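Notes to accompany the following structure.
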Amino acid sequence: MNNDIQIFYFANLADKLNCENEFFPLDSTPTTLAQLKEQLSERGTVWHELLGEASTRCAVNQAIATEDAILKRGDEVAFFPPVTGG
Amino acid sequence: MTETIFTQQEWLRYSRHIQLPNFGAAGQTKLKQSHVVIVGMGGLGAPVALYLAAAGVGKFTIFDGDTVDETNLQRQVIFNQNDVGHAKALQAKHHMLALNPHIHIDAIPDFFQPKHEALIDQNTSLVLDCTDNFNTRYLINDVCVRQKVAWLYASIHQYSGQCALFTPGHACFRCLFPAPPESAPDCNTAGVIGVLPGLLGLFEANEAIKYLSDLPLELENRLLLFDALKLSVQKIQLAIDPQCFCQTGEKGKFSSPQMCAEVQQQSISVLDFNLHRERANTTVIDVRTEAERLGFNIGGQHIPLQEILTLTDSNNHWEKNRQYICYCQSGSRSEQAAQHLQACGLQAVSLDGGLLAWLKHASKTQMLHP
């Protein structure tokens, strides 16, 4: 639990990844957002594709974050896609 | 009596606003002196238009190039059965004025396009995005960045919604989403629970009223992520992207993206479908889910898309010289099915627009029985 971050997936990411939120252990410190995405992408093609899509955005602790953001334990990470309907 | 901003009737009508702490006569006056532009009169635009008209926003410009359709009535509550077939912008104006005759409305029965840019200027208080596509959102964003006008974004997908207020000097929509989504939702995922655009439209209307009346804002430079199933809300602080066009003045490769349309090839029209389906060498296949099939169908064999996608070219249940016509709810899954069957060496097409197009055609020609 100690090194965990919590990850949330929104909209069709939650559907396609079949995961709404999870606790994820940080295996090394410091871990950047880019490294987290790499680790998650190892879970399979669908993870690799969805997290790699240019339109998928990410927030850390409720603030939009860039790939070089450094994660620390207890952080809350959210991945969300644009939605288009109206 | 000296001349007043409000008439006797208006003062009575808006009394619940005027008596509201922190809003009052000052807030109501600001609403009356505001000019808002609503782009899109669909699921989001319907509640936005109704509530802002009721609230007493003084002037509106509303855009929509579409006509009211039977399937709209499940969520676009500004319209009723009698509006079907008529221009959305004009019908919406009619209903807004019926609700509140003290407001002024310019209804433009056209989709918002670059030629309309001049209609958004320094006299525009706020633009409300109630569209259903990224092209128009990028256009609204670019015009509002240039004209330094604030705008509200809202959008929905199935059970999820997003809303944000973009104001000059903060992150713009392209800072948030520099790239459009890569794939258009298919007809299975394009469904929507009817109240969701209502909820998001009211988040927009709520933020609009606060913005127009100078109340504290919660969504300025923040993105609201809403989940209708869990009723969960997250608010994400946005940040200016230094590479974004709002900073550099250079638009990226997505100034006019082509996205949601280029899927329909190898498809047939409803008319051709009705002609071909009776032929002996033709098999119609419903590729929808079991639940959809049981809910309503127009005949043919039932083979869900997932099953079709497992087919390999060695399968002998299929005939090479038979014409297979696939259909689904709106034509996207059947397109996928037809493409897969073609890849397996079979002759297959998809019903363009799906069951919905077929039903619309049938209701026009009064032939509702398959």
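Just so it is clear, none of the values below were taken in a lab; they were calculated from the coordinates. Computed from a predicted model, the values in this text were never measured in an experiment. Because the Cβ atoms are built from the backbone with ideal geometry, glycine has one as well, and the counts that use them run over all protein chains shown.
Neighbour counts of C-beta atoms inside 10 Å place B:TRP151, B:TRP11, A:TRP47 in the sequence B:TRP11, A:TRP47, B:TRP151, starting with the fewest.
Placing R0 at 45 angstrom, the Cβ-Cβ distance between B:ALA26 and A:SER41 gives a FRET efficiency of 0.25 after rounding to 0.05.
Applying 1/(1 + (r/R0)^6) with r as the Cβ-Cβ distance of B:LEU73 and A:ASN3 and R0 = 56 angstrom yields a FRET efficiency of 0.60. What does the C-alpha gyration tensor say about the overall shape of the stretch A:4-80? Classify as rounded when a/c is under 1.5, otherwise prolate if a/b is larger than b/c, or oblate. Rounded, because the longest to shortest axis ratio a/c is under 1.5.
Highest mean packing first, where packing is the average number of other Cβ atoms within 10 Å per residue, the peptides B:82-93, A:15-26 line up as B:82-93, A:15-26. Take every pair of alpha-carbon atoms less than 8 Å apart whose residues are at least six positions apart; their mean separation over the length of the stretch A:4-80 yields a relative contact order of 43 percent. Residue order for B:SER332, B:SER363, B:SER160, fewest other beta carbons within 10 angstrom first, comes to B:SER363, B:SER332, B:SER160. Judged by the mean number of other Cβ atoms found within 10 Å, the most tightly packed of the peptides B:192-201, B:96-105 leads the ranking B:192-201, B:96-105.
Sorted largest first, the spans of the alpha carbon positions of chain B along the three principal axes are 86, 50, 41 Å. The phi torsions of the stretch B:276-287, fed into the Karplus equation with coefficients 6.51, -1.76 and 1.60 and a -60° offset, translate into couplings of 6, 5, 7, 5, 5, 8, 10, 10, 8, 10, 8, 9 Hz, rounded to whole numbers, with Gly and Pro shown as x. Per residue of peptide A:9-16, the mean number of Cβ atoms on other chains within 10 Å of the residue Cβ is 5.
Count Lys and Arg as plus one, Asp and Glu as minus one, and take only other residues whose Cβ is under 10 Å from that of B:CYS130; the net charge is then -4.
Extension gain for the segment B:ARG293 to B:VAL233, taken as residue separation times 0.36 nm less the Cα-Cα distance, is 18.1 nm to one decimal. How big is the antiparallel share of DSSP beta bridges in the stretch B:34-248, given as a percent to the nearest 5? Bridges in the stretch B:34-248 that DSSP calls antiparallel: roughly 50 percent.
Inter-chain neighbour count for A:56-65: the average number of beta-carbon atoms from partner chains within 10 Å of each residue's beta-carbon is 5. Once you place label points 7 Å from the Cα toward the Cβ at B:THR312 and B:ASN82, how far apart are they in nm? It works out to 6.2 nm between the two label points. Counting Lys +1, Arg +1, Asp -1, Glu -1, what net charge surrounds B:LEU44 among other residues with beta carbon under 9 Å of its beta carbon? Result for the local shell: -3. Scattering from the C-alpha atoms of the protein assembly as shown alone, worked out with Debye: what is log10 I(q)/I(0) at q = 0.05, 0.07, 0.11, 0.12 1/Å? Debye intensities relative to I(0), on a log10 scale: -0.22, -0.43, -0.98, -1.11. Once you reduce the stretch A:53-86 and the stretch B:1-55 to the center of their Cα atoms, the two points are 37 Å from each other.
Given the pairs B:LYS59/B:LYS235; A:LYS37/B:LYS230; B:LYS88/B:LYS148; B:LYS59/B:LYS93, which are separated by over 22 angstrom at their Cα positions? Checking Cα-Cα distances, B:LYS59/B:LYS235; A:LYS37/B:LYS230; B:LYS88/B:LYS148 exceed 22 Å. Using the Cβ-Cβ distance between A:PHE23 and B:GLN247 with R0 = 35 Å, the FRET efficiency computed as 1/(1 + (r/R0)^6) comes to roughly 0.45. Placing dummy labels 7 Å off each Cα toward the beta-carbon, the span from B:ASP272 to B:GLU319 is 2.1 nm.
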